[in-house]
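Below is one structure, written out as structure tokens; comments come after it.
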Amino acid sequence: MLTFLLIAQIVVAVTLGLSTLLQVKGGGLGGIFGQADTVFRTKRGVEKTLFQMTIVLVALLVLISIWVLLII
């Protein structure tokens with residue numbers, strides 16, 4: 001059981017890292033030179049799904065980590 005949880009924790013952590021890296025960055029290089037990002041954008045389609053999946057993966061990683069701590 002512990003081995004399964006540890007493997008699941010690694011898989012969820014790697015997936016969380018990938019989903020974080022795939023998200024679109026809003027500012028770009030304009031923020032470096034003082035350009036304000038005043039355009040309000042809403043997340044739609046794949047971007048919204050990826051954002052929601054990231055939140056679910058964070059919650060899942062926390063739950064698995066607590067579960068592993070309770071077993072050890």
Next item on the list: Select from region 32-55 the residues that are more than 23 Å from ALA13 (Cβ to Cβ), open to solvent by 90 Å² or more (accessible area, probe 1.4 Å) and not charged (D, E, K, R) and write down the one among them that is modelled with the highest pLDDT.
Entry: PHE40
Next item on the list: Of the numbered conditions (1) in a helix (DSSP H, G or I); (2) modelled with pLDDT under 75; (3) surrounded by 10 or more Cβ atoms within 10 Å (Cβ to Cβ), LEU29 fails exactly one; give the number of that condition.
Entry: (3)
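The values are calculated or read from the model by the stated rules, or taken from the named source; none is laboratory data. What you see is a predicted model; the values in this text were computed from it and never measured. Every residue, glycine as well, gets a Cβ built from its backbone with ideal geometry; the counts of neighbours run over all protein chains shown. For the accessible areas, the whole protein counts, side chains as well, though only heavy atoms, and no ligand, DNA or RNA atoms are used. Shrake-Rupley method; radii C 1.70, N 1.55, O 1.52, S 1.80 Å.
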